[in-house]
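The values are calculated or read from the model by the stated rules, or taken from the named source; none is laboratory data. Remember, it's a predicted structure, so these values are computed and weren't measured experimentally. As a convention, Cβ positions derive from the backbone with ideal geometry for all residues, glycine included, and neighbour counts pool all protein chains shown.
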Amino acid sequence: MALAVLDASALIALLRDEPGADIVANYAGDAMISTVNLQEVIKVLVADGASEKVARDMLSPLNLEFRAHEADDAWAAAMLYPATKFKGSGLGDRTCMALAIAEGLPAITTDRAWGELTIPGLNVILAR
């Protein structure tokens, strides 16, 4: 059972061993991520020069729970726009937030702007 929802930025910090990786590592074996955020992570790995095999090999040991982004999830994420637009949150951010709210789990991110948001049901853990 997952203990947290990872934002793409948190997972990237873990994979690159950036500041905050230690906090994300505490949840890595017990975390979920939206397939929308997973795509963002894969894109970054590919942009960094990783092949598909290398990217899969990097992600596989983390035992993440992947959640598909369905129509209801799209509605929930889009409805967060008014509360997040002043902080520049994009589709991936809102997807992670909506998943965390729906699951009643904290969202882990490296984006400090999330700490300034006031959204009912959203519990944010800032990794840095």
**Prompt:** Does Ala50 count as closer than 20 Å to Asn123 by Cα and either at pLDDT 95 or above or buried (at least 18 other Cβ atoms within 10 Å of the Cβ) (or both)?
**Reply:** no
**Complete:** Here the residues within segment 84-128 that are in contact with a Lys or Arg (Cβ under 7 Å, 6 or more places away or on another chain), crowded, with 19+ Cβ neighbours inside 10 Å and of a type outside the set (Val, Ile, Thr) are Leu99
**Asked** For Ala71, which of the numbered conditions (1) touching a residue at least 24 places away in the same chain (Cβ under 8 Å); (2) more than 16 Å from the chain's Cα centre (by Cα) fails to hold?
**Response** (1)
**Message:** Only one of Val5, Val36 is buried (at least 20 other Cβ atoms within 10 Å of the Cβ) and in contact with a strand residue (DSSP E or B) (Cβ under 6 Å, 6 or more places away or on another chain). Can you tell me which?
**Reply:** Val5
**Prompt:** When Thr95 is evaluated against the numbered criteria (1) of a type in the set (Ser, Thr, Tyr); (2) assigned to a helix (DSSP H, G or I); (3) at pLDDT below 95, which criterion, by number, is the only one it fails?
**Reply:** (3)
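Of these, Glu18, Glu40, which one is in a helix (DSSP H, G or I) and among the acidic types (Asp, Glu)?
Only one candidate qualifies: Glu40.
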**Prompt:** Would you call Ala13 crowded, with 20+ Cβ neighbours inside 10 Å and either of a type in the set (Lys, Arg) or within 14 Å of Ala107 (Cα to Cα) (or both)?
**Reply:** no
**Request:** Tell me, yes or no, whether segment 103-111 has at least one residue that is within 21 Å of Asp30 (Cβ to Cβ), without any contact (Cβ under 8 Å) to a residue 60 or more places away in the chain and not basic (Lys, Arg).
**Result:** yes
